[in-house]
Amino acid sequence: MTEIINIAHRGASGIYPENSMLAFKKAIEMGCGGLEVDVQLSSDGEVVIFHDKKLQRVTNGEGLVCEHSYAELKKLEITNNNQANQYPKQQIVTLKELLQMLQENEIFLNIELKNIYIDYPGLEEKVYELLKEYEMIERVVISSFNHHSLQRFAQISEEVDLGIIYLANLIDPIAYAESLDFKLRSFHPLYSTLDEKRVEKMKKAGYDIFTYTVNDKIDIKKVSNLDVDGIISDYPDRL
Ligand code: G3P
Ligand code: MG
């Protein structure tokens, strides 16, 4: 069995404001080996780390992320967590800021292109350019529910590892992966779709498995007994 990477989902988002610098730094302090972050584009083309297409659940702003400029987004506060007011004000983080912070360590990074509802033109190029600038290509996997976007990424560069995220309990994910005209490193399945046999098949076929979002202690225990490569959790402290 390979050593399982403990991947903090949107940082240590079970406790701290999601996708904030505080959540990323706290996850690292908790001993995580990786971070999972969602990226989108501001109206003026900055790669920002944000999960929802709309601002309201997570911040004191309103409307679509993509309708706001970088400067407007930076003025907002991330307020989604119950205890958000206990912490210093957290702003939306740019991918650039995160990559700068990660220069200090060797943390693995799973960047999820959050372009399933809004397919941002140019997101793939921008992410690729930033990864090159910060020499991060070796320790990153790019994932998405939008497999067309991964295909575009592969057309830009074959250097970066790619993984498909999926929710459905696919009958044959390997046949699907092998039908694509680009190479995948990994499957990112919902944890409840996995069992020993399915995992064994995927591993035998040469794929890594990064499974999401495993929060309950019982589920963490079950999934930890499978031969997966990474467990994505809001609670890296529980792993
Ligand atoms: O990357 C795995 C997981 O984050 C996908 O779902 O909605 O939490 O971004 P979501
Ligand atoms: Mg995500």
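Each value in this text was obtained by applying a stated rule to the coordinates, not by laboratory testing. Just so it is clear, the structure is predicted and the values come from calculations on it, not from any experiment. Positions of Cβ are generated from backbone atoms using ideal geometry, with glycine treated the same way; all protein chains shown enter the neighbour counts.
For the residues GLU159, GLU77, what sequence is obtained by ranking on other C-beta atoms within 10 Å, fewest first?
GLU159, GLU77
Taking the chain as a Gaussian network, Cα atoms linked when under 10 Å apart, which of SER186, SER69, SER143 shows the biggest mean-square fluctuation?
SER69
Beyond 26 Å between alpha-carbons counts as too far, so tell me which of LYS197/LYS221; LYS96/LYS222; LYS126/LYS183 fall in that bin.
LYS96/LYS222, as the Cα separations exceed 26 Å there.
Taking 8 Å as the Cα distance limit and 6 or more residues as the minimum spacing, I'd like the relative contact order of region 40-142 as a percentage.
27
Binning at 10 Å from 0, report for region 87-239 what percent of all alpha-carbon pair distances ends up in each bin.
Pairs per bin, as whole percents: 10, 37, 36, 16, 1.
Placing unit charges on C-beta atoms (Lys and Arg positive, Asp and Glu negative, everything else neutral), compute the dipole magnitude of the chain about its Cα centre in debye, rounded to 20.
Dipole about the Cα centre, nearest 20: 600 debye.
Counting Lys +1, Arg +1, Asp -1, Glu -1, what net charge surrounds MET136 among other residues with beta carbon under 12 Å of its beta carbon?
-4
Where both residues lie in region 1-115, what percent of DSSP beta bridges are antiparallel, nearest 5?
About 45 percent, rounded to the nearest 5.
Express as a percent, rounded to the nearest 5, the fraction of DSSP beta bridges in the chain (both residues included) that run antiparallel.
Within the chain, antiparallel bridges account for around 20 percent of the total.
Taking other Cβ within 10 Å of each residue's Cβ, how do SER179, SER20 sort, fewest first?
Fewest-to-most ranking of SER179, SER20: SER179, SER20.
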